[in-house]
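Okay, structure first, notes after.
The values are calculated or read from the model by the stated rules, or taken from the named source; none is laboratory data. Keep in mind the model is a prediction, meaning the values are calculated, not measured. Quick reminder, even Gly has a Cβ in these numbers, built from the backbone with ideal geometry, and neighbours come from all protein chains shown. Just so you know, the surface numbers come from the protein's heavy atoms only, side chains and all, with ligands and any DNA or RNA stripped out. Shrake-Rupley method; radii C 1.70, N 1.55, O 1.52, S 1.80 Å.
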Amino acid sequence: RPLDYKSQERAGGRGRSPCGVCGGGGGGAAGARRAELALPWADPFGGRRGCAGPVAGPPWAGPAPGPAGRHSMLPRHVQRLGRDWITHWNGSQILALNGPVSSCMRWAGHYPPWASFPLPVSADFSANWRFPPFFGPWRQFPNSNWHLDNYTRSCCFHLPNPNMKSEGEEPLTKKRRLSGQDDTSTPEQETNLSNQKEVSCLSVAQNEEKHGSKKGTIKRHWEYFCQQSKTLKIAKNKGSDQSNTGSEATFDFTVMSYNILSQNLLEDNSHLYKHCRQRLLFWTYRFPNILQEIKELDADVLCLQEVQEDHYRTDIKSNLESLGYHCEYKMRTGRKPDGCAICFKTSKFSLISSNPVEFFRRDIPLLDRDNVGLVLLLRPRFHCKANAAVCIANTHLLYNPRRGDIKLTQLAMLLAEIASVAPQKDGSFCPIIICGDFNSVPGSPLYRFIKEGKLNYEGLAIGKVSGQEQFPRGQRILPIPIWPKKLGISQNCVYEIKQQQKEENAGEKLEAAKPDNPQEIVIASEKLSSKLRHHFKLSSVYSHYFPETGIPEVTTCHSRSAVTVDYIFYSAANDDTAAQPGVEDSFCGGLKLLGRLALLTEKDLWTVNGLPNENNSSDHLPLLAEFRLIER
């Protein structure tokens, strides 16, 4: 692990070897050996102090460095690298110069004290090592702004683009800073995802795959909650017909929730992926991995977040349709290029209705964000009742930890849409599944509101709604009510048009009471309006902590945090043993949780260098659960 900047400076000043060019201070055979390791042209790392004369180089190398031993084309930090490391020339793929000469050289000989690999170095040493922070920011050197990529597996890093164009500041959008993680490091360069570099890195990746299989894979096991539960699709007999298995009143299916990491957001927030090798961040590398995950998990319903619109049109939709899925997509409003998608297998379901939800409202200042949701009503194909249905909802709520008022309003709008879609002819609700990235941690007020169906937010600080920050900045309290009347959604999270008559009747009763003190009416009204409710009895598929150790489960892991923010909530049936205590029947039968794909700990994920990595190409893990539809 790289040391801090001052430690690196101290480390760089110790153990300097004698000059490999002139042999000064080396003496005898040692000096001759180091001379053999010297480059055959002017040392691009500035040589050493006290080097008497320049070394002749090739015509394209330009004039040799002067007596000061400093190369005019390289920043001071890289020049110091030459004083600590003796380099030699060979034909290996280590330092790729995207310039007139495409030759390579490999580090050998001496290493600074903080080097994390043993000596001597083999041709294919560990790829998890990356450069310490003192190699940047390059923008401090306007005439020599080199771009150092993260190591590839073959320890390849590029010095691309002879123009040496400086990069911009760290983007301000979607900054994921959690408490206890003070960011004292200087902002790094944004990743320059040019087509030329992408092709070159892909060729390196393809070459590696020919010589060896991918490593660093973590296996996730399947957890069962029912003896009669079906296993994953891999272990299933795919030709079986559920209409002929067991009771005709049951229907088994699997649901996945997966934030696949929009490429645009990845590039805008490259500071979150400093731990990743650059070639792993290209869409052309990431999409085959994501598609392979979807194929292997073989879910009947996919709820995807951060689906970039152009990639949906060109790659995602066509590939999923070839796998037997029907896709519904809702792009974010405004200039945001990604959105939410729900895809279901046409062999298992047919579409009854598709209902997109836009959380942006031009006439309401509170709702100035471009998040969206999507609600589908699906009909199972193998079922005895013709009117059986399942409601599937997918969303990606606002990230900002300090805007809990917006998060709660967006959630209320989604629940109101579900309440308008899920009712059956008899007035009961069909089984409901809500998936998504809620940008809220387990146990937070927003999380409890989803599971318990009620929340008294009186006196609740806005920054504590999602629980993302342990010590949120500011102490602004949620207003009462949170959203204005003209939004058209009641405190019960339903559209007020359908509840207007009930509210009028309640108002007439309140007026008929006429208490002696009119202030009692105001106080009672205020207390009532600070209580949010919804009509669904929901359970979480995951328990969020490993029961044996109490270690928290993790659904997302990048350079800034490793937490749970992704969920699958469902309306549980009475006999569902996996449901949380207190959960009641969801009116029209319900869903029984048969099994789930186990999550991992933060420690598990960092054994494969976090997320994304070579095999998992999103900064989120896919969530997967198997349900059984049960009717009364």
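One table, with the values for the structure above:
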read-out: Cβ pairs under 9 Å, 6+ apart, first in region 357-372 and in contact (Cβ under 8 Å) with a residue 60 or more places away in the chain, second part of a loop (DSSP other than H, G, I, E, B) and among the aliphatic types (A, V, I, L, M); value: R361/L367; L366/I482
read-out: Condition met for E496 (modelled with pLDDT under 95 and crowded, with 16+ Cβ neighbours inside 10 Å); value: yes
read-out: Residue check for L414: over 25 Å from V301 (Cα atoms), under 28 Å from the mean Cα position of the chain (by Cα) and open to solvent by less than 10 Å² (accessible area, probe 1.4 Å); value: no
read-out: Any hit, region 396-407, residues being open to solvent by 10 Å² or more (accessible area, probe 1.4 Å) and in contact with a Cys (Cβ under 7 Å, 6 or more places away or on another chain); value: yes
read-out: Boolean, K454 is farther than 14 Å from K407 by Cα, open to solvent by 60 Å² or more (accessible area, probe 1.4 Å) and modelled with pLDDT of 95 or more; value: yes
read-out: Given (1) open to solvent by 60 Å² or more (accessible area, probe 1.4 Å); (2) in a loop (DSSP other than H, G, I, E, B), index of the condition L367 fails; value: (1)
read-out: Test: residue in region 354-372 that is more than 30 Å from I462 (Cβ to Cβ) and not basic (K, R); value: yes
read-out: Lone qualifier among L351, L304, L291, L281 - being surrounded by fewer than 22 Cβ atoms within 10 Å (Cβ to Cβ) and touching a helix residue (DSSP H, G or I) at 6+ places or on another chain (Cβ under 9 Å); value: L291
read-out: Every residue from region 282-306 that is among the aromatic types (F, W, Y) and farther than 23 Å from K330 by Cβ; value: F282, Y285
read-out: All positions within region 310-348 that are surrounded by 13 or more Cβ atoms within 10 Å (Cβ to Cβ), in contact with an Asp or Glu (Cβ under 7 Å, 6 or more places away or on another chain) and in a loop (DSSP other than H, G, I, E, B); value: R332, T333, K336, P337, K348
read-out: Residue in region 427-446 that is nearest to N400 (Cα to Cα), counting only those that are open to solvent by 10 Å² or more (accessible area, probe 1.4 Å) and out of contact with any His (no Cβ under 9 Å at 6 or more places or on another chain); value: P445
read-out: Subset of region 279-319 (residues that are within 16 Å of the chain's Cα centre (by Cα) and of a type in the set (S, T, N, Q)); value: N289, Q305, Q308
read-out: Condition check for A419: outside any strand (DSSP E or B) and open to solvent by less than 40 Å² (accessible area, probe 1.4 Å); value: yes
